Amino acid sequence: MRKRYPVRRSELARAARFIAALGMPTLLAGVLAHRAGVIGAQDLANTLLAAVVLGLTGVAMSCIAITNWWNRGGIGVADAVRGLFYGLIMLAPAGAVLAATAAFPPLTDVSTDLRDPPSFAGERATQSAAAAVREELQRVAYPDIVSRRFRISPSDLHAAVLKVIEKERWTVLAELPPDMRDAPTLIEAKTHVPVVAIASDLTIRVRPDRTGALLDVRARSELPTHDLGLNAWRIRGFYRALDETLTEAYGDIAKLTVTAEEAAATVVEELPLLTGEPQSAGAGAVPLPSMKPAAVPPVPGALPGEFDEIYEEDLPQG
């Protein structure tokens, strides 16, 4: 009769697999709740942190269980390997967030015009030392996020921007349409990052320029402390989509775009003076007319009522 020794089973490996696997539904529930609008960005970040803690705990417990199995034998190493795999999956989002935090500056607001950024509805303009620091951080990190000039009218550029927004399926929150071809326009839209649905607000401003139209874009993330580079990524994506739309409409985007060197070299032609020489400082005051112009009775209905009263005072009596 042979003596049979009890087989040692690692309960630690089973616990590691359970804890690491629990992080996956935790993260999935947070993403779905954020997409449905039940929780905000900060709550989503807290959910991600909880999933990462579960994954990290599962990885640590799995490593200990695998070490015990190597030294003492027994069964349960499969559970430890599964726990290690599930835990590493949970650590992947945390690694991506940490990499983006290290690669991009701590900004939540990015604009192509740092001195006069496009404003959002209900926003008050503020100037502070922190704003100057953010401007310097953006200049160093995103030198390509600048204003763009086009050789088309502001109304035509506004129409192209609306096509891009429709194509990208963004939500228009507010719009100041052009009432004239050279009138300034403004569009405020909301967009979301795929999967996690992190929202970004965009303000797109079009103003008349001596070369045609001047375009500025501002992106603001709902993340409280760091946009993870999403705002700059969103503005670059908008510029690419706009170039594609303008290429489809006009054929050659290079002919429409005005470079910074061309804009700096463009000189506005000044109107000539009425005389050959400008009036000197000692020339004295401009002479007044020697007589008052004769009062002409106003044509009824030609001027508003308040102007009629003013002219009636100058009418001859009799």
**Prompt:** Taking a label point 7 Å from the Cα of E175 along the Cα→Cβ vector, which residues of region 219-245 have an amide N closer than 19 Å to it?
**Reply:** 238-239, 241-243, 245
**Item:** Modelled label reach - K190, point 7 Å along Cα→Cβ, region 220-235 residues with backbone N closer than 17 Å
**Value:** 220-224
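Full-extension gain between V140 and A197, please, as 0.36 nm times their residue separation minus the C-alpha to C-alpha distance.
Extra length available between V140 and A197 comes to 17.7 nm.
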**Message:** What does the C-alpha gyration tensor say about the overall shape of region 65-141? Classify as rounded when a/c is under 1.5, otherwise prolate if a/b is larger than b/c, or oblate.
**Reply:** prolate
**Message:** Among 38-44, 148-154, how do they line up by average Cβ neighbours within 10 Å per residue, starting with the highest?
**Reply:** 148-154, 38-44
**Message:** Please list, by residue number, everything in region 137-152 whose backbone N is under 19 Å from a paramagnetic label point 7 Å out along Cα→Cβ of D252.
**Reply:** 149-152
**Asked** Tell me, what % of the accessible area of region 182-272 is carbon and sulfur with a 1.4 angstrom probe?
**Response** 58 percent
**Complete:** Quick calc: nm separation of the 7 Å Cα→Cβ label points for A33 and V97 -> 1.4 nm
**Spin-label model distance (nm) - L88 vs E166, 7 Å beyond Cα toward Cβ** = 4.9 nm
**Asked** Per residue, how much accessible area does region 1-150 have with a 1.4 Å probe, in Å²?
**Response** 62 Å²
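The values are calculated or read from the model by the stated rules, or taken from the named source; none is laboratory data. It should be emphasised that the depicted structure is a prediction, and the values quoted were computed from it without experimental measurement. Note: ideal-geometry Cβ built from the backbone for every residue, glycine included; neighbour counts use all protein chains shown. SASA here: full protein model, heavy atoms, side chains in, ligands and nucleic acids out. Shrake-Rupley method; radii C 1.70, N 1.55, O 1.52, S 1.80 Å.
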